[in-house]
Amino acid sequence: MKLYWGPHTCAIGTHVLLEEIGRPYEAEKIDVAGGATKEPWFKAINPKAKVPTLVLDDGRVLTEFGAIAVWLARQVPHLNLLPTDPDEEERALSLMDYAVGTIHGQAFARMFMPEKFEPQDPVHQTLGLGQGSVKKQGRQMIEEAFAIVDGQLGSRQWAAGDTFGVADAALFYVERWAPQVDVALPANMAAHFERVKARPAVAKVMQVWGES
Ligand SMILES: N[C@@H](CCC(=O)N[C@@H](CS)C(=O)NCC(=O)O)C(=O)O
């Protein structure tokens, strides 16, 4: 298996899951911020031009954080990365989808790429008129979403079930972005973030990413 990743991206959650499952893999760093995902060679692999992109040994290409996470979890059922209990499984998928689709895709995206959310007419585009309000909205969405996740985590060690799993990897990558936008993690999320970081697999990945 080969994971394409770029610094500061959500692909760290996938990298963590790969490290956790203990199967052989390669990880190739690409310059996402510099536009590497838009280059023809990368789009030939993943036309969506995004990381995480996971290429399997038989050449199949897996995309989308949640889909890759579930696929990886199913390779190693004994690790319980996705709970088998239907209620806990729903909880894991719900939290993961909220982290990926709403917290990342809606809220952080407004902070990181406000130009994609502001009106596309030449006046707004030239003067950047809408960016301030887009960022403000993004911050508010992050704070509201963090409060919801914090309440759902409560005193639980892990997002769902009794062990680390796919939802923890998703929460970890959005928790890690909080300082970049100067938003404080609420107490339960802050404790969760430290718990995830303390895992040997996570420490190893963070070292590779130059974040330890
Ligand atoms: N829906 C995708 C989102 C992935 C995504 O947004 N990746 C970002 C990095 S965090 C990316 O590759 N951006 C490159 C670009 O847009 O040029 C998923 O869940 O995997």
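The values are calculated or read from the model by the stated rules, or taken from the named source; none is laboratory data. Nothing here was measured: the structure is a model prediction, and the numbers come from that model. Every residue, glycine as well, gets a Cβ built from its backbone with ideal geometry; the counts of neighbours run over all protein chains shown. Calculation scope for accessible area: heavy atoms of the full protein, side chains included, ligands and nucleic acids excluded. Shrake-Rupley method; radii C 1.70, N 1.55, O 1.52, S 1.80 Å.
Numbers at a glance
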quantity	calculated
Solvent exposure of segment 86-199 as accessible area per residue, Å², 1.4 Å probe	48 Å²
Solvent-accessible area per residue for segment 2-79 (1.4 angstrom probe, square angstrom)	48 Å²
With eigenvalues of the C-alpha gyration tensor scaled by 5 and rooted, the chain, Å	28, 23, 15
Cα-based reach from Lys29 at 17 Å (exclusive), listing lysines while leaving out same-chain residues under 8 positions away	Lys2, Lys38, Lys43, Lys50, Lys204
For the chain, size of Cβ-based charge dipole, Lys and Arg +1, Asp and Glu -1, in debye	480 debye
Heavy-atom accessible surface of segment 86-199: percent carbon and sulfur, 1.4 Å	52 percent
Cα centroid separation, segment 36-114 to segment 174-191 (Å)	21 Å
Estimated FRET transfer efficiency (Val208, Arg23; beta-carbon r; R0 22 Å; 0.05)	0.85
Amide H partners (placed H, <5 Å) of Ala27, local residues excluded	Leu3
Within the chain, percent of DSSP bridges classed antiparallel, to nearest 5	60 percent
Portion, in percent, of the accessible area of segment 1-63 that falls on carbon or sulfur, probe 1.4 Å	53 percent
Karplus-derived HN-Hα couplings along segment 112-125 (A = 6.51, B = -1.76, C = 1.60, θ = phi - 60°), whole Hz, x at Gly and Pro	7, 9, x, 4, 7, 10, 8, x, 8, 5, x, 5, 5, 5
Theoretical FRET efficiency, 1/(1+(r/R0)^6), r = Cβ-Cβ of Thr163 and Val61, R0 25 Å, to 0.05	0.30
